[in-house]
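A quick write-up on the structure given underneath.
Throughout, read-outs are computed from the coordinates displayed, never taken from laboratory work. Remember, predicted model here, so these are calculated numbers, not experimental data. Counting neighbours? That spans all protein chains shown, and the Cβs are built from the backbone with ideal geometry, glycine included.
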Amino acid sequence: MLKKSLLLSSLLLFGTQAYSDQYFIGAKAGSTWTKDKFSCSYGSSGSDNTSAFVMDFKGGKIIDDTHRLSLGYSPIFHSGAKIHRVLANYDYLIPMEDRSKLYAGAHFGSVSLRSDDTDFNTTDIAYGVQAGYIKELQENIDLEFGAKYTKYNISKSYNDSIGQCNLKLENDFTLLVGLNYRF
């Protein structure tokens with residue numbers, strides 16, 4: 001299912017052609033706040049909100065100056081865990097007067113979670129929404145500010161040193177700033 005979704009997204013992204021279309025690549029950095037819940041067979045349970053540094057790399061196509069399709073990769077490095085997201089994104093671009101744009105969109109893809117402390121390693125789907133602001137700095141260079149909310153579908157049982165535990169990665173909220181190069 002996920003492979004078919006990514007293949008369809010890629011075909012849409014690179015298979016459409018119109019006169020005003022542009023390709024772009026971009027890199028952003030920021031912070032993410034992730035919420036998870038855990039419970040263990042010996043009675044320990046709780047939830048955790050952790051923050052971490054995140055990078056976001058993406059490339060794609062802008063169609064008719066109003067639609068942006070992209071494929072992105074975002075590694076998140078929490079202490080003791082690594083999260084890797086590969087997401088297909090769609091943004092609707094709203095032009096403003098001063099060579100800038102607002103955008104709102106959605107994303108869907110794959111998330112992988114690996115813990116350094118245990119043998120916890122799992123992959124599942126992720127989906128969410130994003131919004132932001134793009135300011136054209138030069139003819140082909142844009143400054144982008146954005147926020148992203150991602151919901152996860154990861155729940156995994158594992159054994160720690162005392163007993164069996166279950167971890168559920170619920171969601172995260174991310175703030176990013178970076179540059180895009182259009183060509």
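Quick one: net charge of residue 53's neighbours, Cβ under 15 Å, K/R +1, D/E -1?
Taking every other residue near residue 53 into account, the sum is +2.
Helix 2-15 versus the longest principal axis of the chain: what angle, 0 to 90°, nearest 10, using Cα atoms?
10
I need the phi-derived Karplus couplings for the range 27-38: 6.51 cos²θ - 1.76 cosθ + 1.60, θ = phi - 60°, integer Hz, Gly and Pro marked x.
Each residue's phi maps through the Karplus curve to give 9, 9, 9, x, 10, 10, 10, 10, 10, 9, 10, 9 Hz.
Do the sum for the chain: with -39,500 (n - 2.57) for every DSSP H run of n ≥ 4, divided by all residues, what is the mean residue ellipticity at 222 nm, to the nearest 500 deg cm²/dmol?
Numbers: 1 runs with 14 residues, N = 183.
Calculated mean residue ellipticity at 222 nm is -2500 deg cm²/dmol.
Please compute the modelled spin-label separation between residue 42 and residue 147, points set 7 Å along Cα→Cβ, answer in nm with one decimal.
4.1
If you average the sequence gap of Cα pairs under 8 Å that are 6 or more apart and divide by the length of the chain, what percent do you get for the contact order?
Over the chain, the number comes to 23 percent.
Can you list the residues of the range 118-153 with backbone N under 14 Å from a point 7 Å past the Cα of residue 168, pointing along Cα to Cβ?
So the set is 152-153.
If you look at just the Cα atoms of the range 2-182, how large are its Rg and its Dmax in Å?
In order Rg, Dmax, the Cα atoms of the range 2-182 give 18.3, 63 Å.
Take 93, 87, 167, 143 and order them by how many other Cβ atoms sit within 10 Å, fewest up front.
Final ranking by Cβ density, sparse to dense: 143, 93, 167, 87.
Can you tell me, using C-alpha contacts under 8 Å and at least 6 residues apart, the relative contact order of the range 84-152 as a whole percent?
Working: 142 pairs, mean separation 19.0, N = 69.
In percent, rounded to a whole number, it is 28.
Can you list residues from other chains, or at least 5 along the same chain, whose modelled amide H is less than 5 Å from the amide H of residue 160?
165
Return the sequence-ordered ³J(HN,Hα) values of the range 148-155 in whole Hz as given by the Karplus equation 6.51 cos²θ - 1.76 cosθ + 1.60 applied to θ = phi - 60°, using x for Gly and Pro.
9, 10, 10, 9, 10, 10, 10, 9
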